[in-house]
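**Student:** There's a structure below that I have some questions on.
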Amino acid sequence: MCGILGEFGKKISPKFEFSKLLKLSSQRGSDMVGYYHDSSSSSKGKPLVQFGFNRLAIMDTRKIANQPMISNSKRYIVMCNGEITNFLILKKKMGLLSNDTKTNSDTEIICHALDCFGFERTLRSLNGMYALAVYDLRYHTIYLARDPAGIKPLYFAQTHSGWIFSSQYDQIFKHKWFSDSLEINKEALTDYFRLGYIPAPSAIFNNSWMLEPGSYVTINSDFNLSVHQYHSIDSKAKYRETHQSTLEILKDLFHNTFRDYIHSDVPLGSFLSGGIDSPVINAVLSKSHPNIKAFTIGTADTDFDESKKAKLISNHLGIQHHIECLTDTKVVNIIDKHFESFSEPFADYSSIPTYILCSEASKHFKVLISGDGGDELFWGYPRFLNTIDHKSWFSYPKNVRLKFAGLLRRFGMKISSGIELENIGEWVFERQSPNWSSAVGKIIPNSIHSFKTKDLYLSPKQNCSEVELLQWLKKNEFYGHLQRVLLKVDRASMAHGIEVRVPFLDQRIIDFSSSIIPELGIHHRQTKYLLKKVLNKYVPSEYYFSYKKGFSFNLNELLNHQLKENVQDTLLSKNLFGSEYIDEKFIHNQVNNYYDNTGLKNEWGIWVLFSLQKWAGIFHDK
């Protein structure tokens with residue numbers, strides 16, 4: 001969407017240095033560059049502020065809609081990365097007429113709302129996806145906020161000269177206020193090896209953070225920071241999945257919500273898979289907006305190709321549809337360019353096809369609508385069922401579990417690994433990790449996770465019901481796995497100057513999902529039960545897969561052939577990033593064992609190691 005950069009301190013950087021940092025996020029918004037600094041405060045002994053903005057112009061592409069934007073009262077300076085989907089409703093609520101606004105921009109409506117309601121009430125009235133930076137000139141206070149789902153990123157850091165905040169992490173650790181005292185955050189490094197990314201609020205270097213979803217911070221004129229959470233997923237049992245009334249409410253909600261995501265003054269399209277989530281969005285929108293155009297990536301690998309099913313769906317709905325074909329050559333050719341899109345350590349290898357998907361889509365559209373979030377909010381992953389099925393194992397003592405599992409395995413039954421773990425929370429953590437805790441403990445001796453990660457996987461109570469377990473799993477997925485997905489999509493799309501909107505993560509749908517009483521594995525075994533029921537009202541079930549096949553590739557093949565020399569040269573080096581914490585000898589053994597076909601074949605684990613060192617080579621070592 002756009003790129004935010006700001007300083008708030010006793011001084012500000014020279015403009016040429018600040019502009020150089022701002023250029024690092026130019027791909028997030030190449031249409032216009034905005035700048036603001038408060039020159040009046042220096043003579044009054046007040047804090048100084050400097051704002052920079054890279055704009056991807058979507059709504060009102062005129063220069064007058066540029067940011068940073070100043071409110072009518074001249075009290076607030078505003079930067080918004082994202083889209084406020086209910087800005088027209090807010091405009092009407094405030095009684096604003098056409099001649100009361102200078103632009104058709106959603107950011108201008110935020111400015112009016114701040115003048116009218118103040119910051120916190122304005123924040124709670126917003127819907128959409130956004131990262132906000134607001135400066136209150138009256139009280140010399142900075143506000144930083146992030147949407148409830150964490151769709152748009154926002155980093156901040158504390159230095160001796162003041163605070164820095166930005167949309168990209170390299171703008172933090174390359175800033176002169178910060179770069180002279182880089183110190184690895186060992187807890188964040190542990191989280192990375194275990195999860196393949198660093199969950200908020202942690203960041204790879206100490207004294208820097210990523211703002212959590214549904215949170216905001218205030219930094220006052222004394223440079224003191226306070227953190228506030230304004231939204232969280234809380235279970236409010238109300239609707240049963242299998243009731244017809246629940247289905248009708250959800251269908252109406254989709255109709256009223258999705259239409260708010262098609263406002264655009266530039267070409268807009270919609271991703272379309274052969275699964276459930278994006279077809280639901282396309283199906284609902286096709287009834288009220290028949291001119292919507294769908295985009296699909298096809299592949300010659302039938303294990304992953306969804307283009308034929310997607311074509312059936314688009315034909316049935318009567319919408320325009322474009323298919324691009326993925327080739328192995330494209331995967332190999334973009335590897336290094338893909339790594340350059342992630343200014344923080346990141347190791348979800350599905351980022352490679354996502355990068356290609358965004359590259360191809362950018363040839364036709366500037367805004368795309370995605371189906372992300374459906375799995376997390378509507379129990380779409382098979383692992384939900386798997387966890388329910390294994391819940392009872394952890395009601396027995398560990399020694400009983402081990403003996404019983406061993407006996408069943410001798411009779412040829414498949415029993416999940418991890419039965420020896422202490423509780424269901426640890427079991428879920430292990431099964432979502434590219435590196436198990438035992439391996440991470442060897443990579444980083446005396447490793448410890450961040451408080452947030454430990455809290456995220458803190459097991460529900462021993463005797464919890466299936467409903468309670470499913471609610472816990474949804475919250476775990478939303479603040480865990482989904483955050484990795486959103487980070488991936490944001491970085492891959494921004495690398496190609498396109499905006500990806502995610503209507504399933506609209507606050508109205510998030511809140512509705514919190515009110516559903518889950519029945520998966522209790523009254524039925526259909527993942528995404530409600531989404532399938534909605535889709536069936538528009539598309540015959542034989543036209544789509546009951547699960548998403550996934551847009552991926554053979555990672556093991558890539559590591560053993562095209563990338564083999566690169567991986568070995570990178571990981572067998574004696575100058576690995578984080579060498580003060582990691583056991584280089586263990587990593588060397590892991591790599592050698594992988595290529596010698598000895599020991600456990602864990603290609604994702606190798607990719608996690610490789611990605612960290614590629615990040616260091618591109619960003620940190622320069």
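**Student:** For K46, only one of the following conditions fails: (1) at pLDDT 95 or above; (2) within 26 Å of L21 (Cβ to Cβ); (3) part of a loop (DSSP other than H, G, I, E, B); (4) among the charged types (D, E, K, R). What is its number?
**Tutor:** (1)
**Student:** Quick check on segment 110-128. Is at least one of its residues assigned to a strand (DSSP E or B) and open to solvent by less than 40 Å² (accessible area, probe 1.4 Å)?
**Tutor:** Scanning segment 110-128, I find at least one residue that is assigned to a strand (DSSP E or B) and open to solvent by less than 40 Å² (accessible area, probe 1.4 Å), so the answer is yes.
**Student:** Within segment 86-109, can you find the residues that are within 14 Å of D60 (Cα to Cα) and not in a helix (DSSP H, G or I)?
**Tutor:** T101, K102, T103, N104, S105
**Student:** Then there is this: Within segment 600-608, identify whether any single residue is assigned to a loop (DSSP other than H, G, I, E, B), out of contact with any Cys (no Cβ under 8 Å at 6 or more places or on another chain), open to solvent by less than 30 Å² (accessible area, probe 1.4 Å) and under 19 Å from I443 (Cβ atoms), and answer yes or no.
**Tutor:** Looking through segment 600-608, none of the residues is assigned to a loop (DSSP other than H, G, I, E, B), out of contact with any Cys (no Cβ under 8 Å at 6 or more places or on another chain), open to solvent by less than 30 Å² (accessible area, probe 1.4 Å) and under 19 Å from I443 (Cβ atoms).
**Student:** Quick one: what pairs do we get from segment 152-177, first residue closer than 15 Å to V49 by Cβ, second modelled with pLDDT under 95 and among the charged types (D, E, K, R), C-beta under 7 Å, 6+ apart or different chains?
**Tutor:** Short answer, once both residue conditions are applied: S161/K10; S161/K11; G162/K10.
**Student:** Please determine, by comparing only the residues of segment 214-229 that are open to solvent by 10 Å² or more (accessible area, probe 1.4 Å) and in a loop (DSSP other than H, G, I, E, B), which one is nearest to S447 (Cα to Cα).
**Tutor:** Of everything passing the filter in segment 214-229, N224 is nearest to S447 (Cα to Cα).
**Student:** When the residues of segment 482-512 are narrowed to those that are small (G, A, S) and outside any loop (DSSP other than H, G, I, E, B), which ends up farthest from S270 (Cα to Cα)?
**Tutor:** Among those residues, the one meeting the criterion is A492.
**Student:** Scanning for something touching a residue at least 60 places away in the same chain (Cβ under 8 Å) and open to solvent by 60 Å² or more (accessible area, probe 1.4 Å), does segment 557-567 turn up at least one residue?
**Tutor:** Yes, some residue in segment 557-567 is touching a residue at least 60 places away in the same chain (Cβ under 8 Å) and open to solvent by 60 Å² or more (accessible area, probe 1.4 Å).
**Student:** Right, here's the next one. Does any residue of segment 170-180 turn out to be out of contact with any Asp or Glu (no Cβ under 8 Å at 6 or more places or on another chain), buried (at least 24 other Cβ atoms within 10 Å of the Cβ) and of a type outside the set (V, I, T)?
**Tutor:** yes
**Student:** Kindly evaluate E324 against the criterion of being in a strand (DSSP E or B), acidic (D, E) and on the phi < 0 side of the Ramachandran plot.
**Tutor:** Yes.
**Student:** For segment 279-295, enumerate the residues that are of a type in the set (G, A, S) and either open to solvent by 30 Å² or more (accessible area, probe 1.4 Å) or at pLDDT below 95 (or both).
**Tutor:** S286, S288, A294
**Student:** Moving on to the next point. Just the residues that are without any contact (Cβ under 8 Å) to a residue 24 or more places away in the chain and assigned to a helix (DSSP H, G or I), please, taken from segment 423-441.
**Tutor:** E430, S438, G441
**Student:** To continue, here is another question. Between residues in segment 519-545 that are over 23 Å from K308 (Cβ atoms) and residues that are acidic (D, E), which pairs lie under 6 Å by C-beta distance while being six or more apart or on different chains?
**Tutor:** The qualifying pairs are E519/E241; I522/E466; Y529/E241; L530/E241.
**Student:** Filter segment 86-109 for residues that are buried (at least 19 other Cβ atoms within 10 Å of the Cβ) and among the acidic types (D, E); which is farthest from I369 (Cα to Cα)?
**Tutor:** That would be E108.
**Student:** When you scan segment 456-481, how many residues do you find that are within 19 Å of the chain's Cα centre (by Cα), in a helix (DSSP H, G or I) and not aliphatic (A, V, I, L, M)?
**Tutor:** Adding up the residues that qualify gives 7.
**Student:** Does D106 fit the bill of being in contact with a Phe, Trp or Tyr (Cβ under 8 Å, 6 or more places away or on another chain) and more than 22 Å from F342 (Cα to Cα)?
**Tutor:** In short, yes.
**Student:** Kindly indicate whether any position in segment 62-85 is open to solvent by 10 Å² or more (accessible area, probe 1.4 Å) and under 22 Å from H160 (Cα atoms).
**Tutor:** Among the residues of segment 62-85, not one is open to solvent by 10 Å² or more (accessible area, probe 1.4 Å) and under 22 Å from H160 (Cα atoms), which makes the answer no.
**Student:** Moving on. Can you tell me which residue is nearest to S179 (Cα to Cα) among those in segment 17-41 that are at pLDDT 95 or above, assigned to a strand (DSSP E or B) and open to solvent by 70 Å² or more (accessible area, probe 1.4 Å)?
**Tutor:** Y35
**Student:** While we're here: Wholly within segment 350-420, which helices (runs of 4 or more DSSP H) include no fewer than the required count, namely at least 2 residues that are of a type in the set (S, T, Y)?
**Tutor:** In segment 350-420, 351-361 are the helices (runs of 4 or more DSSP H) which contain 2 or more residues that are of a type in the set (S, T, Y).
**Student:** Being closer than 22 Å to P445 by Cβ, in a helix (DSSP H, G or I) and charged (D, E, K, R) narrows it down to one residue among K574, K585; which is it?
**Tutor:** None of the others qualify; the one that does is K585.
**Student:** Right, something else. Checking A237 against (1) outside any loop (DSSP other than H, G, I, E, B); (2) surrounded by fewer than 19 Cβ atoms within 10 Å (Cβ to Cβ); (3) hydrophobic (A, V, I, L, M, F, W, C): exactly one of these is not met. Which one?
**Tutor:** It is condition (1) that A237 fails.
The values are calculated or read from the model by the stated rules, or taken from the named source; none is laboratory data. As the structure is a computational prediction, the values presented were derived from the model and not from experiment. Every residue, glycine as well, gets a Cβ built from its backbone with ideal geometry; the counts of neighbours run over all protein chains shown. Side chains included, ligands, DNA and RNA excluded: accessible areas come from the protein's heavy atoms. Shrake-Rupley method; radii C 1.70, N 1.55, O 1.52, S 1.80 Å.
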